1. If contacts are Cα pairs under 8 angstrom and at least 6 residues apart, what is the relative contact order of the range 156-280 in percent?
2. Give me the one-decimal nm value for the distance between modelled label points at residue 200 and residue 84, 7 Å along each residue's Cα-to-Cβ direction.
3. Please list, in order along the range 197-213, the HN-Hα scalar couplings obtained from phi with the Karplus expression 6.51 cos²θ - 1.76 cosθ + 1.60 (θ = phi - 60°), rounded to whole Hz, x for Gly and Pro.
4. How many angstrom lie between the C-alpha centres of the range 355-380 and the range 182-255?
5. Take the alpha carbon gyration tensor of the range 351-401, find the square roots of its eigenvalues, order them as a ≥ b ≥ c, and report rounded if a/c is under 1.5; if not, report prolate when a/b exceeds b/c, else oblate.
Amino acid sequence: MLAAGECLKSTQSGRSLPTPTISYDVNPNQITVERSQDLVDGPTMVTIAIDPQSPIDANLLLRAVWAQMRARFGRLEWQFTPRRFGSSQLIRFGWATLGDVSPNGVEISIQYQRRGVPNSISFTPRGAIYERYPNLDDDLRAAVSDASATYLSPPDVKAATQVCSWTGIPLNLYVTDRWKIAPLSNGSTEIGITVRAFDDIDRDYEFQVRLSPLLDLLSVLTNCVFEQAKNDLEANACELPPDLYLEDTEWLDGAPIVDGRLRLEEIHIEFGNKIVTSAIDNDHRLLRSARLFNEGLSLLRTSSKGDLATVLLISALEAISIQEDTSTCPSCGQTIYKISKRVADLGTRHLGPGSAWIFEDHYGRRSQYLHAGKLYATQPMMNQVIPQLDPSAPEGCAMPRSMAWPHNLMEFTSFIIRQEIREYMACPLI
């Protein structure tokens, strides 16, 4: 096993190679490898030890390495073909093009002993790249060394974009230390986020990583779909008092419009803070639920695919339902989760026992669609209804496609997610 900062070279073919000379400076990550003459003519692999302590640290380190490579070579583009070799505990990212040597470049992979936490990174040069970069090995080692020294403290940088809602109604003005919502004179809304990034490309990436769950959250908080719009450089910020919070926490239908603008609750702005500061993981059940809700809502607003929208909305509730009603399979002994009951119980906990039939009905439609490919509504949409019998339909009649809209389910789902967010903020361990 390599020590921290140690390099190993081998040919792609795996033949026996002379051992390269390695000399350590004060910092073991800053090392010198003298390339043996036997290695000059063939493709070689340079493996450098790294030492992140967690999957989060590992991804931060990789972002720092890519930024250092961009700084040194001026260009880093990918033929991204990831593959895991489980028996070798290796993940290959693909091939990276450096600087102006396309299509030559380097194959890059990482090795790990614990999943998500690599212990080394490897570079295998391809083509005639050494003709353009004779000191390639030193440059790659320096990129990893500098990234290892700085990756835990990337600087704060600001980024912003303009978004529009399907209603055309802008949001109110909300300002926090790490993000802001600012209505503009052109009717759109500017979303600004402070991110931690290593260069401009990394800043844009991190901004999009934070923006996506924020837009999902905004759809839950407003029942509106938000999409990025082309930035209008002529648009000005509206002069409004900041942080006018929504007081009605029990609203259900429509959208939370007050004085012509969409208004949000203070606790939900605080939840947004957790998103932009990574205090909550992007794979958290509430963010997965919000993502599914936003996708279902988008379908409802832009198409007549009510069956698929129903699947997404029910899945949003599944993502946050508590797995406590279980039984055991008599054959294999594994736990069986009664998902349909779980979803119905979640709904009635927030909306009362009279709402159970809504969730049971739509869960049944979801199951028929996924497991049998059966559509709830099969008849064409016309100006006139032509009643037809369908013995397999819930009501015994064939339904026109306009009836596929999941009535009440969209409003109920967003209400439940908002309440679940409020409970999470009161007790983040749930």
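Each value in this text was obtained by applying a stated rule to the coordinates, not by laboratory testing. Note that the structure is predicted; figures quoted are calculated from it, not measured. No Cβ is skipped: glycine too gets one built from the backbone with ideal geometry, and neighbour counts run over all protein chains shown.
1. 31 percent
2. Simple spin-label model gives 3.6 nm for this pair.
3. Rounded to whole hertz, the list is 8, 9, 7, 5, 5, 5, 4, 5, 5, 4, 4, 5, 4, 7, 5, 4, x.
4. Result: 34 Å between the Cα centres.
5. prolate
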